[in-house]
Amino acid sequence: MSHIKPLKLSAFALLVLAGCSASMQAQKAAPKQPIVAPLAVVKKAPVSENELKRWSHLDLVKDSIPGMSVDRAWAELLQGKTGKKVIVGIVDSGVDIEHEDLQGMIWTNTKEIPGNGIDDDKNGFIDDVHGWNFLGNAVHENLEMTRVVKKGDDGSAQYKAALAQYNEKYEEALKDKEQVDMLLGFHNTIQKALNKTTYKIEDLSTITSTDPNVARSKAVMTQIFTNAGPTFDPEADFGEYKEQVYDQLNYNLNKEFDGRKIVGDNSEDIKDAHYGNNVVFGPDKEKALHGTHVAGIIAQIRGNNLGGDGVASPNVEILTVRAVPDGDEYDKDIALAIRYAVDNGAKVINGSFGKSFSPHKQWVYDAIKYAAKKDVLIVHAAGNDGYNIDETKNINYPNDSEDNVKEFADNLITIGAINKEYGENVVAGFSNFGKINVDVFAPGEEIYATVPNNKYKYLQGTSMASPNAAGVAALIRSYYPKLKAAQVKKILMDSGVALPAKVVLGSSPNPQEKPVAVSSAESSKTAKMVNAYNALLMAEKMSKK
């Protein structure tokens with residue numbers, strides 16, 4: 001999965017549209033009716049800190065923010081009802097299962113006796129009490145295009161495409177290194193001028209130095225603070241950006257690096273299936289940041305005044321399958337991870353990963369079909385390149401169509417990302433799109449959730465949109481357990497709130513040019529945003545048929 005640079009270079013401005021429509025008033029008077037996108041949205045004040053932390057749970061009509069109406073669903077539809085526990089498989093970088101805000105939400109394999117070194121349930125995985133780690137002690141990995149290039153020119157179209165993309169990515173990474181080094185220079189200058197490590201935009205106005213280097217650094221940092229928004233932290237965000245860029249050059253794009261050798265399996269043999277260990281957050285808990293955040297979006301404890309609230313908590317149990325390294329995942333690991341989650345009772349699997357090349361995609365396709373036979377819904381992130389993934393050159397794996405058009409299974413749903421500003425720019429600029437291969441959108445920008453070691457963080461990406469949708473799927477499967485995976489997928493798609501008639505898709509290659517809005521029908525199959533309130537209303541009706 002392409003990661004989002006932590007530094008946001010475009011301004012976050014609230015979109016204010018004049019006037020309230022009559023339809024808005026009608027919807028308020030009839031709360032049990034489906035939520036319909038109003039013709040106009042009025043946001044009279046900036047988003048508060050509390051709203052920002054939970055905007056994905058808010059309601060377009062009541063709050064003028066295009067969240068999934070999760071709070072409204074819990075208050076108006078689920079109050080007093082008892083749901084069934086649903087196991088949600090998190091196939092990701094690992095999860096900090098010891099996090100304070102995930103306690104009681106972690107799946108436990110009751111067939112295993114912890115720590116006895118015996119495969120009590122005879123599934124081939126020793127002491128898999130809370131899931132499995134298919135990566136063992138590996139952390140960093142190449143991108144798949146790097147691995148294809150490393151194998152050498154076999155004359156295939158895949159090799160040529162991989163080489164072209166590799167060269168492009170490498171040049172981009174070198175430019176990013178220049179940029180991050182320059183930004184760190186400005187940042188370090190400001191730190192010295194202020195004599196403090198961390199600072200805010202207000203601190204910059206206290207700098208009176210006439211040194212040209214200080215003055216320039218002050219001007220640049222003021223602009224960055226203004227553009228990046230209230231959650232920007234230069235020390236943390238620049239540090240994260242540097243790590244991301246340097247990891248790309250040192251590991252992801254480094255043809256001399258072999259991250260697989262410490263796993264101990266044959267990555268080309270799907271039958272070599274029992275490897276790894278039971279440490280589900282991996283050898284370095286901090287590196288389980290992505291998976292812990294994904295898990296929190298779904299399952300962090302509601303109403304405990306810690307961090308954010310999970311969409312489906314307390315009705316879920318998180319089953320962790322570590323299979324996504326810092327780099328591109330192996331097809332083998334993903335295929336086995338899906339099967340492991342299915343075999344251990346997951347009814348929803350979240351997959352916040354993806355890549356441009358998939359040498360053994362059939363292994364993954366077979367696993368998706370296996371999940372379909374077992375009635376398991378797979379919720380998958382659309383990707384973060386701002387591409388139309390209907391185009392052959394932009395395919396995002398895994399998918400559910402071998403020809404990129406016709407689906408072979410009805411249990412995989414692909415999720416794009418939106419932000420909190422309803423209007424032409426509601427689709428996040430980084431989000432992939434496509435009226436064939438993206439099904440629906442969900443909140444994915446500035447999402448607040450758990451990260452390792454009892455911390456919380458805003459992250460963005462379709463990686464965050466996917467678990468938001470998966471949380472709604474888990475709610476449906478909790479309160480309406482008789483509905484099948486294919487029905488839950490249909491509900492998520494059909495019950496969504498409509499995007500505006502015209503939306504901007506992808507990021508403009510030239511920041512100076514004003515992006516052109518197109519018909520929202522080009523965005524996805526549905527041109528809709530996932531909505532928990534509507535989904536539960538539709539599930540209620542469907543369950544009675």
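The values are calculated or read from the model by the stated rules, or taken from the named source; none is laboratory data. From a predicted model like this one, the values you see are computed outputs, not experimental measurements. Virtual Cβ from ideal backbone geometry, glycine too; neighbours counted across all protein chains shown. Just the protein is used for accessible areas: all its heavy atoms, side chains included, with ligands, DNA and RNA removed. Shrake-Rupley method; radii C 1.70, N 1.55, O 1.52, S 1.80 Å.
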List the lysines whose Cα sits under 16 Å from the Cα of Lys369, skipping any in the same chain fewer than 8 residues away. Lys332, Lys347, Lys361, Lys406, Lys484, Lys489
extent check for the range 459-520: Cα max minus min per principal axis, descending, whole Å, gives 51, 27, 15
What does the accessible area per residue of the chain come to in Å², with a 1.4 Å probe and no ligands, DNA or RNA counted? 42 Å²
Convex hull volume per residue in cubic angstrom - Cα atoms of the range 296-406: 125 Å³
For the range 47-118, the spread of Cα positions along each principal axis, largest first, Å: 55, 29, 21
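Relative contact order of the chain, please, whole-number percent, based on alpha carbon pairs below 8 angstrom and at least 6 residues apart.
Across the chain, relative contact order equals 21 percent.
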Can you give me the Kirkwood hydrodynamic radius for the range 411-545, using every pair of distinct Cα atoms, in Å to one decimal? 15.5 Å
Computed E for Asn305/Ala75 - FRET, C-beta separation, R0 25 angstrom, nearest 0.05: 0.90
How large is the translational diffusion coefficient of the range 285-339 in µm² per second when you combine the Kirkwood radius over alpha carbon pairs with Stokes-Einstein at 10 °C and 1.306 mPa s? 126 µm²/s
With label points built 7 Å along Cα→Cβ from the Cα atoms of Asp375 and Thr226, find their separation and express it in nm. 5.8 nm
Using Cα-Cα distances under 8 Å and only pairs 6 or more residues apart, what relative contact order does the range 389-512 have, in percent? 27 percent
Would you please state which residues of the range 331-350 a label at Lys111 would reach in this model, taking the label point 7 Å out along Cα→Cβ and a backbone N cut-off of under 14 Å? 340-346
Rg/Rh over Cα atoms for the range 133-237, Kirkwood Rh, comes to 1.20
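How many Å³ per residue does the convex hull of the Cα positions in the range 193-269 occupy?
Once divided by residue count, the hull of the range 193-269 is 162 Å³.
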The chain: Kirkwood hydrodynamic radius (Cα pairs, Å) comes out at 23.9 Å
